Amino acid sequence: MCVCVCVLDYCNSLPYNIAPKNILKLQCVQNCLARVVIRSPQFSHSVPLLKSLHLLPVHSHTIFKLCTIAYQSLSSGEPSYLFSMLSLTAKPRELHSSGFHSLPVPRVKTHAGIYAFSVAVPTVWNSLSEHVKSSNSRVSFHHHLKIHLFRLLSFLSFLSI
């Protein structure tokens, strides 16, 4: 399982904003791996399996990885090439209530520009609550972020019923 998850986890921040049909293909692989690990029947529902393994679905895991990269870069300033893309500069008209931890999202002229790291990370980062963004350590940030994403999944699954 460790080798399979590592292969599935490789470059997993790249599928942000790709077509839902391609996310679904990756999700099917993750669901199959969860069934193999837990040794459940082939057609058993995958959501309880993923929760029991503490795995986020593929799209949520992509958001988790983008936010982790942002947190590490913002907290340590390393690597410098990523830190330079993520500036915490305040906008001239930014309200005090808008939060200190927001990142400016650069404007893009093409549709392909929304896939760029410099656009995707600030977009995802700004959607997080201040409680998650202001974590003191990487471990604390991962904990709060995972709880936030699992709550978001529970809320979205409640809406789809």
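If you scan the stretch 99-117, which residues turn out to be modelled with pLDDT of 85 or more and buried (at least 17 other Cβ atoms within 10 Å of the Cβ)?
LEU103 - this is the single residue of the stretch 99-117 that is modelled with pLDDT of 85 or more and buried (at least 17 other Cβ atoms within 10 Å of the Cβ).
Within the stretch 12-84, considering only helices (runs of 4 or more DSSP H) that don't extend past its boundaries, which have at least 3 residues that are closer than 19 Å to ALA120 by Cα and in the same structural domain as LYS146 (by TED's automatic domain parsing)?
Working: elements: 20-38, 46-52, 58-76, 80-83.
Fully inside the stretch 12-84 and qualifying: 58-76, 80-83.
Can you give me the number of residues within the stretch 119-145 that are in contact (Cβ under 8 Å) with a residue 12 or more places away in the chain, surrounded by fewer than 17 Cβ atoms within 10 Å (Cβ to Cβ) and not in a loop (DSSP other than H, G, I, E, B)?
The number of residues fulfilling the criteria is 6.
The values are calculated or read from the model by the stated rules, or taken from the named source; none is laboratory data. Everything numeric here is computed off the predicted structure, so don't read it as measured data. Neighbour counts are summed over all protein chains in view; Cβ atoms, including those assigned to glycine, are modelled from backbone coordinates with ideal geometry.
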